[in-house]
Every structure is written in structure tokens, then in C-alpha cells.
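Structure first, commentary second.
The values are calculated or read from the model by the stated rules, or taken from the named source; none is laboratory data. Quick caveat: nothing in here was measured; it's all calculated off a predicted structure. Here the Cβ positions follow ideal geometry from the backbone for every residue, glycine too, while neighbour counts run over all protein chains shown. Heavy atoms of the whole protein, side chains included, go into the accessibility calculation; ligands, DNA and RNA do not. Shrake-Rupley method; radii C 1.70, N 1.55, O 1.52, S 1.80 Å.
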Amino acid sequence: MRRAYFKFSWIAAALLAPQLIIIFVFFYWPSAQALYWAFTLEQPWGGGNTWVGFENFRTVLADPYYWGSVRVSVIYALATTVLAMGMALTLAIFVDRQLAGYKAYRVAIIWPYAVAAPAAGLAFQFVFNPGAGIFSYINSVAPGWWDLSKYPWQAVTAIVIAGAWKQVAYSFIFFLAALQSIPRSLTEAAAMDGARPLRRMVDLQLPLLTPTFFFLLVINITDSFTDSFGIVDTLTGGGPFRATDLMVYKIYVDGFRGFDYSGAAAQSIILMLLVMALTFVQFRYVERRVHYT
Amino acid sequence: MQPRLFAVDLGHLEQFSVVHNVPVASNNNGYDGLDSQLLFNTTLHVQHMENIQRWITDGYALVRTPAAGKQARDSFIEGECAIFFSSIADHNTIHKLTPAFAWDVQMIPTYEGTERHNTVVGGASLWVLSGKTDEEYKAAAAYLAFLATPESEEFWVSNTGYIPVTKTGYDALLAKGFYTKQPYVNRDIALKSLTYTEPGPLTRGIRLGSFIQIRAEWLAEVEAALAGQKTMQEALDTAVARGNDHLARFAKTYAGKSFP
């Protein structure tokens with residue numbers, strides 16, 4: 001392998017500096033601060049802290065409700081990822097097949113990505129509202145059957161659907177781009193050999209999509225662990241009785257509402273480790289089955 | 001749907017305890033030290049929450065939480081429920097939303113056989129912290145004096161729906177006949193409630209660390225009880241045990257310190 005090296009240049013350093021400063025200020029610095037706080041008891045209004053070692057982690061990990069939060073976060077991440085990627089792939093294949101009106105759909109499906117999570121949460125609050133939303137029709141048939149404030153599984157279903165809806169757009173763009181980059185000659189050759197659209201999809205398009213598939217899997221899982229806050233806050237507020245208290249939402253509630261900075265910092269570190277571990281597992285075991293051409 | 005008697009939002013801990021002069025926590029609701037323990041699972045509050053649970057089962061009350069997609073106030077304005085409990089700021093809001101029926105405001109009800117006490121203020125407060133220069137304190141004092149002028153008070157009261165912050169401000173408003181004109185008629189019921197008795201050790205307020213998390217524990221447990229997962233007593237016991245953990249943690253954060 002040929003080695004390339006670059007001479008140090010002040011211009012290059014100056015051009016890189018803004019980006020590096022942004023990464024340092026908004027990522028490394030807060031992360032380091034969180035790591036420090038996780039090992040101390042931090043006084044909410046400033047004024048000092050005490051070093052407590054691993055006590056914050058012990059407190060968090062000994063709390064049965066925290067494990068409930070981890071469980072529902074994992075369920076949420078897996079369910080939204082499967083749902084979002086499934087819908088995105090289906091829609092991308094339709095658009096790629098150039099079904100009627102595909103140009104309008106191609107633009108329209110990208111829109112949800114521009115909707116902020118709290119706005120999406122509010123919109124779905126109207127959809128799922130047991131008294132006034134679309135789901136209230138269920139209640140007019142079977143009174144009291146649909147009620148987010150009573151039934152945990154319904155609340156979880158609601159945030160999964162809202163979360164997936166929000167992530168469809170992102171996956172859709174990537175799936176569509178990947179589908180369109182498959183050379184026409186391959187598809188045409190398969191068609192001449194007598195492969196029908198479904199056969200071409202299963203044997204030709206999907207295998208060629210695996211790198212995109214893998215990329216989206218990593219992004220979607222990470223995203224659903226870290227970016228679900230807005231939807232939970234507007235849709236369920238973590239309830240009923242902690243059923244939708246996702247890890248990232250619990251961090252917000254403990255840290256910013258309850259001023260337990262240390263407990264929230266410890267939870268952030270655990271969440272970070274969990275996301276890193278999941279990403280590692282995906283690269284170690286899933287990526288092996290991915291073929292880059 | 002048949003109209004119900006109450007719309008219940010889940011916030012019946014503090015004002016209820018204060019108006020009945022029963023403690024939320026030991027140490028006079030936390031005023032006398034950091035080593036406080038919660039007590040609300042041993043007072044009249046338990047009976048009250050059990051009553052609410054029964055009213056819901058018997059169809060007299062409806063629970064309204066954000067997850068239900070509707071607040072107690074909405075149920076009231078729509079005429080779904082006849083009574084709801086809220087901050088006095090909602091007096092202003094309801095006037096603006098103009099419900100299609102005659103309505104009025106009253107002090108929080110108390111149980112038969114108990115004696116009514118004063119209630120406490122809630123919401124945001126202004127704080128002056130220590131460790132600043134004399135000049136800065138002069139400026140802070142001037143600002144607070146400005147807020148307490150009758151003109152500022154009137155501006156504040158008519159624009160926010162909250163109460164005047166000083167007795168002088170209230171008297172000035174009364175002298176002007178402020179509370180005899182709509183939409184302000186009876187809005188001073190809040191002041192009457194706040195000053196109903198002289199504040200005692202259990203009614204001057206609640207001073208507990210991590211109180212927001214304690215409330216969250218209370219809410220989650222009460223929700224679980226209302227969903228039939230446990231009895232109300234078990235729920236409140238759990239909330240107290242978990243709340244006490246928060247208090248112990250807060251005391252540890254401020255180890256060796258005491259209240260000024």
C-alpha cells in the first residue's frame with residue numbers, strides 16, 4: 001500500500017478549525033462534563049459537588065423502574081426500525097417502479113423528515129386522542145377500549161407509530177437512491193431472462209441493497225434510542241405509569257425537570273455505552289453478511 | 001356521553017394537605033432540616049385518593065391527563081364535567097374561552113369535620129441569591145420595589161390572571177373596585193384562600209429537595225393504582241419509599257449543610 005502524508009499547513013489548520021471547535025464544544029466537552037458529573041453528586045444550583053465513585057451507577061442500576069425503561073427503549077428501537085425501514089423500502093420500490101404519480105410521491109414522502117419531533121408528536125396526539133382523534137371512532141364502537149392514559153401497550157404502540165412515521169423519510173431517500181443506482185442493464189438482463197418484478201426484487205435488488213440496508217439499520221437504531229424525546233414528551237409524557245418512559249426521556253426528566261444532574265449524567269453514560277455496544281455488535285456480526293460490490 | 005361530576009387531573013397532594021393542615025413530610029414539610037421523610041401515605045390524603053378512585057369507578061369522575069389527550073379544563077369547558085380543580089390562572093383562560101354556560105369559582109373543598117386552613121402559592125418565584133456586590137443588590141431591590149408598585153401590580157394581574165404579590169397591591173386593587181368588574185369578578189377568591197388563616201408550621205409551604213421527582217413518583221404510582229394494578233395505599237407507600245430515596249440523595253448532595 002502506498003503511503004500518503006501531508007505537510008502541516010496553517011491554511012489547512014485554519015480551514016479545519018471551525019469544524020473542530022464545533023465538535024469539541026458541542027460534543028467532547030459536554031461528554032467529558034457528563035462523565036465527570038456521573039461520578040459526583042452535583043449541587044443543582046452550583047456551589048460544589050462531592051466525589052461518590054460508582055454510586056450514581058449503582059443507584060440507577062438497582063432501580064427496577066430503570067430496567068423497565070431500558071426494556072421499553074429496546075422494544076421501541078426495534079419496532080420503529082423494523083416498521084420505518086419496512087415502509088420506506090416498500091415505498092421506495094413503488095417509486096422506483098415508476099408507478100402512477102411517483103414524482104409527486106417522491107417529494108411528498110421526504111416531507112416528514114422536515115417535521116420536528118414535537119410537531120409530529122402533537123399531530124399524532126390528535127390522531128390517537130381517545131376523545132376526538134381518528135382512533136376515537138374505535139371508542140364509539142367499543143366505548144373506553146382505546147385510551148392511551150390507561151393501557152401501556154396502546155401508549156407504546158402510539159409512540160412506535162409516530163416514531164416510525166418520522167423516520168420513514170430518511171430511510172426512503174437512501175433506499176430510493178440505492179435502487180436507482182442499480183444499473184439498468186442488470187434489471188433488463190434479468191427481465192430478458194424471464195424474471196418477473198417480484199423475482200427481480202428478491203434475487204437482484206435486495207441483495208444489492210445490503211450495504212444501504214446495513215447503514216440504515218445502524219442509523220435507525222441509534223436514532224430511535226437518542227431522538228425519541230420529542231415524541232414521548234408531546235404524546236404520552238412517559239406515562240401511563242412509566243410505560244413509555246424511554247431512557248432518553250428519563251434522562252431529560254431527571255436532569256432538567258428534577259435537577260438531578262448526577263443521576264441523569266450516569267444514565268447518559270449508560271445510554272451512550274448501550275448505543276456504542278449495539279453499533280459494535282452490528283458492525284461485528286451484521287456487517288459480515290453485507291457484500292459491497 | 002352522560003355528564004360527570006368531576007374532571008380529575010392528578011395533582012391532589014400539596015394544596016389538599018395544606019388546606020387540611022396535614023403534613024406532606026416530616027420536619028414541618030421539610031422546613032426544619034434536610035433529613036425529612038415523606039408522610040403523605042399516613043394522612044387524610046390516602047382517604048382522599050381512595051375516594052377519587054371510588055368516584056372514578058362509580059362514574060362520578062373522569063381522569064384527565066396529557067396522555068388521555070384532554071385536560072380537566074377541556075372537559076369542564078365542553079360541559080363534560082361539572083367541576084374541575086386548577087390554578088387561579090385558569091380563571092382568566094376560561095373567561096377567554098367563554099364556555100356556553102354560567103360558571104363560577106370557589107375555594108378548594110374541605111372534608112366535613114375538618115377545619116379549613118390557608119392554601120399556599122405555587123408556580124414560579126423570583127429569587128435573590130447571595131454573593132453579589134452591594135450595587136447589584138441595590139438594583140435588585142429597586143426592581144422588586146418597582147414590581148410592587150400598584151401600577152405594576154395592576155398590569156401584572158390584568159395580563160396574567162395571577163394574584164397581586166403584596167397586600168398593598170391587593171388593597172389598591174380593591175379600592176379601585178377592580179374585582180367588581182368582569183372578567184375579574186371573584187378572581188380574588190385565590191387571595192381569600194391564601195390568607196384564610198395565619199400560616200402555621202404545616203401551611204406555610206413545602207420545602208423538599210427533588211420535589212419535582214417526588215411528584216413524578218406520586219403521579220406514576222397513582223396512575224398505576226387508578227389502572228387497577230395495585231391498591232391506592234400500596235401505590236402511596238411505594239411513592240413515599242421512592243420519594244424518601246430522592247430526599248436522602250438530596251441530603252447527601254448537600255451533606256453537612258443546613259437551611260439558612
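Can you give the relative contact order of chain B as a percent, counting alpha carbon pairs under 8 Å and 6+ residues apart?
Numbers: 307 pairs, mean separation 72.9, N = 260.
The normalised contact order for chain B reaches 28 percent.
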Revision key, fill the gap. Per the Kirkwood formula over distinct C-alpha pairs, the hydrodynamic radius of the stretch B:50-181 in angstrom is 18.5
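With charges only on Cβ, +1 for K and R and -1 for D and E, what is the dipole size of the protein assembly as shown about its Cα centre, in debye, rounded to 20? It would help to have the intermediate numbers written out before the result.
On the way: 42 positive and 43 negative charges, 431 e Å.
Here the protein assembly as shown has a charge dipole of around 2080 debye.
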Revision key, fill the gap. With Cα springs under 10 Å, the Gaussian network model of chain B assigns the largest mean-square fluctuation among B:49, B:107, B:232 to B:107
Review point. For the pairing of chain B with chain A, what total accessible surface becomes buried, with a 1.4 angstrom probe, in square angstrom to the nearest 100?
Key: 2100
**Study point:** Span from the the stretch B:183-260 Cα centroid across to the the stretch A:216-282 one, whole angstrom
**Key:** 26
Review point. Out of residues 5 or more away from residue B:81 or on other chains, whose amide H comes under 5 Å of its own, with H placed 1.01 Å from N in the peptide plane?
Key: B:4, B:76
Point to revise | Fluctuation leader among A:204, A:122, A:176 - chain A, Gaussian network, Cα springs under 10 angstrom | key: A:204
**Study point:** 1.4 Å probe, heavy atoms, protein only - residues of the stretch B:230-260 losing at least 40 Å² accessible area vs chain alone
**Key:** B:242, B:249, B:252, B:253, B:254
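Given N residues in chain B, what is its alpha carbon radius of gyration divided by 2.2 N^0.38 Å? Display every interim value, and only then the final one.
Working: Rg = 20.3 Å, N = 260, 2.2 N^0.38 = 18.2 Å.
So chain B has a normalised radius of gyration of 1.11.
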**Study point:** Cut-off 14 Å, label 7 Å out along Cα→Cβ of residue A:75, residues of the stretch A:140-174 by amide N
**Key:** A:150-161
Revision key, fill the gap. On the formula 1/(1 + (r/R0)^6), with r taken between the Cβ atoms of residue A:199 and residue A:157 and R0 of 30 Å, the FRET efficiency rounded to 0.05 is 0.30
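Summarise the accessible area of the protein assembly as shown (1.4 Å probe, protein heavy atoms) by the percent that is carbon and sulfur.
Values: 19820 of 30950 Å².
Taking all protein chains in place, the protein assembly as shown shows 64 percent carbon and sulfur surface.
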Review point. Long-range amide H contacts for residue A:40: which residues qualify at under 5 Å (H placed 1.01 Å from N, peptide plane, sequence gap of 5 or more or a different chain)?
Key: A:52
Review point. Using 1/(1 + (r/R0)^6) with R0 = 41 angstrom and r between the beta carbons of residue A:7 and residue A:274, what's the FRET efficiency to the nearest 0.05?
Key: 0.45
Check your understanding: With the other protein chains left in place, how much accessible area per residue, in square angstrom, belongs to the protein assembly as shown at a 1.4 angstrom probe?
Key -> 56
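Against the 2.2 N^0.38 Å scaling, with N counting residues, where does the stretch B:134-194 land? I'd like the Cα-based Rg ratio to two decimal places.
For the stretch B:134-194, the normalised Cα radius of gyration is 1.25.
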Exercise for review: Report the percentage of all Cα-Cα pairs in the protein assembly as shown whose separation exceeds 36 Å, rounded to a whole percent.
Suggested key: 50
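With contacts defined as alpha carbon pairs under 8 Å and 6 or more residues apart, what's the relative contact order of chain A in percent?
27
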Practice item. List every DSSP H helix in chain A whose Cα atoms extend 27 Å or more along the helix's own long axis and whose mean Kyte-Doolittle hydropathy is at least 0.5. Key: A:64-96, A:152-180, A:206-226, A:261-281
Check your understanding: Given the options A:66, A:105, A:261, which has the most mean-square fluctuation in a GNM of chain A, springs set between C-alpha atoms less than 10 angstrom apart?
Key -> A:105
